[in-house]
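Undergrad: The following block contains the structure, expressed as structure tokens.
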Amino acid sequence: MRIRQLLTIVSVGLLLAAITCAQTAIRPASGQSLPVAASPVNANHLLNGGPAAWNQIAAKHVALNRTPPLYDTDEPAAVEIPIVDVRLARAAGKLLVQLSWHDTTHDATTLAETPNTPPETRFRKVPTEADDRFFDAAAVMFPAKAAAGAIAPSLQMGDAEHPVEIYYWNATRGSMVMQAQGRSTTKRTGQDFPANGTYQNGRWNVTFELPDLVAGTTVAFAVWNGSQKDRDGRKYFSVWQVLE
Amino acid sequence: MSKHQYAMVMDLNKCLGCQTCTIACKKLWTDRDGTGYMYWNNVETRPGLGYPRQWDRIGGGWKDGALQPSPLPTMDDYGHAWEYNYEQRLYEGKKQPVMPSPEPKSGCNWDEDVGAMNEDENYFFYLPRICNHCTYPACLEACPRKAIYKREEDGIVVIDQDRCQGYRYCIKACPYKKIYFNEVTGKSEKCIFCYPRLEKGEVNACAAQCPGRLRFVGLLDDPESPVHKLVLVHKIALPLFPEKGTQPNVFYVPPFNPPKRDNYGKNIQEDPRVPLDYLIYLFGPEVRDVIARLQAELRKAQEGGRSEALQLLIGRDAETRYHLRPQLVQIQV
């Protein structure tokens, strides 16, 4: 009986520690390191050459977690994407990241273009085709300030002392750079960045061109599955990883 | 809580279903890319499917202090916006008749004037709807971006288009389904109670254009305003679905005296043409008292007396129907 009580206390303690880590700055564990290849091919080829361009670069399988239901009215969701394969390469002063994951549903569309003429002078307005669909997406998050030691910001979009940059790619709406200082503070900067996504044989391969992050920088990844109505914090996420 | 609250009263006995309010709103606010299917103001036939279809039955709102689940209505529920091939007909010399495309299969007020049967007689009435600018907005609570706020100076509920990320939790949470997603901008939109007009002393476009003169606008907390008098003094206007818990600030004078064949002049309680149960479904059990009050006022007038409530409902001029307070505007630099 004593042992069971002790175990309960220890497990509650561990859980509290884990929750605290998720909400505050943390020091990532040593097993969470990401190799960065010095690429033999040029940055443009890596960005736009499709999955074949990355053949020579080893992938690290990064485990994804699913956020628990955030709101009482949320529908529950199964874990359909347990792993994202991450490849990193430095080329011509840029850091390129390829995220690759298995997704049986291709949730993307091409939105009708808005013609250059003002809407009031046109016969036809660009229509909304569907109001209830959500699209596949992925993101890379890293500290906005240069990493001091290996202390990472809160995994929940950073915190007041540790702002983060989020490079977000959406299968329909393209890329955008965002900044955040804690949960629900995410803001679009209005900037975009070079990114490329292809969907083949039930797999997304998405390449991001990031600023050249120094070794020791912490990065985290997220994947949204449109068919599971993912958006906002309803998503898959990794814990912090450290660039080698 | 806001310091003041703009409110609207609509007298359903006067609505003729002409959709002039709908067009006034559409021309002013939703004549842009991505807004074709959306009607911030719509008029639907009751009983009926509503717009979007079955909005009154799919969920949202509050229960015991918690938001209630709801699916997102689909484009089929709203009805796809259609366009006419004017270019082909007018400029390209094609000889087909002007046709809508895509082929319309549903839309707002698609079941116009269908109504329902009460024994052997058909009945229906029109229900104009805008955002209710609720005192406890479920949409505001549901938004994780804090993009929705209730204006402190006048209680109008608006969506900050810079903060909105198009997550659509608000659409699910709204029990009246009065928020719409614009796929072109990737953001959600809703009725803004024409606040830019109110700030200039002009009444809402839907009210200004209404040929039935059935809309009354003012501050609920202003004793001079017609909405204050109708809702709080005469107590003859009720919110829609009060049990949804959001405390709407749009109120309705229920249809209380539609003539039944050969029975002109008898009221709903004596000889119901519109079944009372249906009005209770829409406006809650208090509708019984409201109809009794309206009936008493009508009798007073018929016996040669003067009914302040009915004089107000007639609403002969804009000064009677609207009492705006543009000086409430807080200029933000």
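Just so it is clear, none of the values below were taken in a lab; they were calculated from the coordinates. Since we're looking at a predicted model, the values are computed, not measured. All Cβ positions, even for glycine, are placed from backbone atoms using ideal geometry, and neighbour counts span all protein chains on display.
Undergrad: Any idea how far apart B:Tyr86 and A:Ile83 come out in nm if each label point goes 7 Å out from Cα toward Cβ?
TA: 5.8
Undergrad: Net charge around B:Asp113, counting only other residues with Cβ within less than 13 Å of its Cβ (Lys, Arg = +1; Asp, Glu = -1)?
TA: Working: positive: B:Arg46; negative: B:Glu44, B:Asp111, B:Glu112.
It works out to a net charge of -2.
Undergrad: Can I ask one more? What lysines could a cross-link reach from B:Lys235, if we take a straight Cα to Cα line under 24 Å and drop same-chain neighbours fewer than 8 places away?
TA: Those lysines meeting the cut-off are B:Lys3, B:Lys14, B:Lys244, B:Lys266, B:Lys300.
Undergrad: Sticking with this one: Which of the lysines could be linked to A:Lys229 by a straight reach, that is with a Cα gap under 18 Å, when you skip same-chain ones fewer than 8 residues away?
TA: B:Lys172, B:Lys187
Undergrad: Could you compute the net charge surrounding A:Lys60? Neighbours are other residues with a C-beta less than 11 Å from the C-beta of A:Lys60; K and R count +1, D and E count -1. Write down the numbers at each step before the final one.
TA: Values: positive: A:Arg87; negative: A:Asp85, A:Glu244.
That sum, taken over residues with Cβ under 11 Å, equals -1.
Undergrad: Oh, and also: For A:Glu161 and B:Glu202, what is the calculated FRET efficiency with R₀ set at 56 Å and r taken between the beta-carbons, to the nearest 0.05? Please list the in-between numbers first.
TA: Details: r = 49 Å, r/R0 = 0.87.
Step by step, r from the Cβ atoms, then E = 0.70.
Undergrad: Which aspartates and glutamates have a Cα less than 14 Å from the Cα of B:Lys63, not counting those fewer than 8 places away in the same chain?
TA: Straight-line reach from B:Lys63, under 14 Å: A:Asp72, B:Glu141, B:Glu243.
Undergrad: Taking 0.36 nm per intervening residue step and subtracting the Cα-Cα distance, what contour gain separates B:Asp271 from B:Asp289 on full extension? List each step's numbers first, then the result.
TA: Working: separation 18, 0.36 × 18 = 6.48 nm, distance 1.63 nm.
Computed gain between B:Asp271 and B:Asp289 is 4.8 nm.
Undergrad: Calculate the FRET efficiency for A:His102 and A:Ala52 from the Cβ-Cβ distance with a Förster distance of 22 Å, rounded to the nearest 0.05.
TA: 0.80
Undergrad: For B:Asp11, what charge total do you get from the other residues with a beta carbon under 11 Å from its beta carbon, if Lys and Arg give +1 and Asp and Glu give -1?
TA: Working: positive: B:Lys14, B:Arg213, B:Arg215, B:Arg321; negative: none.
With Lys, Arg at +1 and Asp, Glu at -1, the net is +4.
Undergrad: Relative to the present Cα-Cα distance, how much length would full extension add between B:Thr20 and B:Gln247 at 0.36 nm per residue of separation? Let's see the in-between values first.
TA: Details: separation 227, 0.36 × 227 = 81.72 nm, distance 2.70 nm.
Between B:Thr20 and B:Gln247, full extension yields 79.0 nm more.
Undergrad: Run through the range B:1-84 and list the trypsin sites (Lys or Arg not before Pro) located in a DSSP loop whose Cβ has at most 16 other Cβ atoms within 10 Å. The partial results should precede the final answer.
TA: Details: sites: B:Lys3, B:Lys14, B:Lys26, B:Lys27, B:Arg32, B:Arg53, B:Arg57, B:Lys63; in loops: B:Lys3, B:Lys14, B:Arg32, B:Arg53, B:Arg57.
Answer by residue number: B:Lys3, B:Arg57.
Undergrad: Which of the trypsin sites (Lys or Arg not before Pro) found in the range B:180-245 are loop residues per DSSP with 11 or fewer other Cβ atoms within 10 Å of their Cβ?
TA: Working: sites: B:Lys187, B:Lys190, B:Arg197, B:Lys200, B:Arg213, B:Arg215, B:Lys229, B:Lys235, B:Lys244; in loops: B:Lys200, B:Arg213, B:Lys235.
Passing sites in the range B:180-245 are B:Lys200.
Undergrad: Could you check the simple spin-label distance between A:Ser184 and B:Ala116, using points 7 Å along Cα→Cβ, in nm with one decimal?
TA: Each label point is offset 7 Å from its Cα along the Cβ direction, giving 3.9 nm.
Undergrad: Next up: Can you give the extra length, in nm with one decimal, that the chain gains between A:Ser33 and A:Glu120 once fully stretched, where that is 0.36 nm per residue apart less the Cα-Cα distance? Each step should come with its number before you reach the end.
TA: Details: separation 87, 0.36 × 87 = 31.32 nm, distance 5.47 nm.
This chain segment gains 25.9 nm when fully extended.
Undergrad: Same structure, new question: Order by neighbour count: A:Val242, A:Val41, fewest other Cβ atoms within 10 Å first, most last. Provide the component values of the computation, followed by the final result.
TA: Values: A:Val242 20, A:Val41 16.
With the fewest neighbours first, A:Val242, A:Val41 line up as A:Val41, A:Val242.
Undergrad: Measuring from label point to label point, each 7 Å out along Cα→Cβ, what is the B:Arg299 to A:Ile151 span in nm?
TA: Each label point lies 7 Å from its Cα, and together they span 7.9 nm.
Undergrad: Go ahead and estimate [θ] at 222 nm for chain B from helices alone: -39,500 (n - 2.57) per DSSP H run with n ≥ 4, summed, over the residue count, rounded to 500. If you can, show how the numbers build up before the last one.
TA: Numbers: 10 runs with 68 residues, N = 333.
Per the formula, -5000 deg cm²/dmol.
Undergrad: Of B:His133, B:His234, how do they rank once you tally other Cβ atoms within 10 Å and put the fewest first? If you can, show how the numbers build up before the last one.
TA: On the way: B:His133 27, B:His234 21.
With the sparsest Cβ surroundings first, the list reads B:His234, B:His133.
Undergrad: Counting only C-alpha contacts under 8 Å and six or more residues apart, can you give the relative contact order of chain B as a whole percent?
TA: Relative contact order, chain B: 24 percent.
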